[in-house]
Amino acid sequence: GANIAEAYGRFHIKDSIKFLYYSRGSLYETMHWISLMEERDLISKSTHEDFMIQIQDLGIRLNNFITSRKAKL
């Protein structure tokens with residue numbers, strides 16, 4: 001979220017897109033941590049699956065947003 005906010009604060013579109021890529025990296029990092037939580041029995045399998053579905057949806061939305069920003073170059 002912070003990287004997306006930072007992207008909005010950038011004047012140049014290329015700079016903004018760079019921070020959106022950082023956001024996508026953070027999204028994948030979140031997937032990693034959620035998987036570790038499930039492996040360590042800190043969350044249930046169903047909670048893990050619910051989170052992954054939400055993250056996949058966010059990933060699609062973020063990629064679409066990046067594509068729309070690139071179209072303005």
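The values are calculated or read from the model by the stated rules, or taken from the named source; none is laboratory data. Every value quoted in this text rests on a predicted model; they were computed, and no experiment measured them. Backbone-built Cβ (ideal geometry, glycine too); neighbour counts: all protein chains shown. We work out accessible area using only protein heavy atoms, side chains counted, and drop any ligands, DNA or RNA first. Shrake-Rupley method; radii C 1.70, N 1.55, O 1.52, S 1.80 Å.
Reported count of residues in the range 46-67, each being closer than 19 Å to residue 18 by Cα and either open to solvent by less than 50 Å² (accessible area, probe 1.4 Å) or modelled with pLDDT of 95 or more (or both), is 9. The residues of the range 1-27 that are without any contact (Cβ under 8 Å) to a residue 12 or more places away in the chain and part of a helix (DSSP H, G or I), listed by number, are 2, 5, 8, 15, 18, 25. Kindly evaluate residue 43 against the criterion of being of a type in the set (Val, Ile, Thr), at pLDDT 95 or above and either surrounded by 14 or more Cβ atoms within 10 Å (Cβ to Cβ) or in contact with a helix residue (DSSP H, G or I) (Cβ under 6 Å, 6 or more places away or on another chain) (or both). Considered against the rule, which asks whether it is of a type in the set (Val, Ile, Thr), at pLDDT 95 or above and either surrounded by 14 or more Cβ atoms within 10 Å (Cβ to Cβ) or in contact with a helix residue (DSSP H, G or I) (Cβ under 6 Å, 6 or more places away or on another chain) (or both), residue 43 comes out as yes. Restricting attention to the range 29-40, the residues that are part of a helix (DSSP H, G or I), open to solvent by 70 Å² or more (accessible area, probe 1.4 Å) and either basic (Lys, Arg) or touching a residue at least 12 places away in the same chain (Cβ under 8 Å) (or both) total 0.
For residue 61, the conditions (1) charged (D, E, K, R); (2) in a helix (DSSP H, G or I); (3) in contact (Cβ under 8 Å) with a residue 40 or more places away in the chain are fulfilled apart from (3). Residues of the range 1-23 that are under 14 Å from residue 63 (Cα atoms) and open to solvent by 70 Å² or more (accessible area, probe 1.4 Å): 18, 21, 22.
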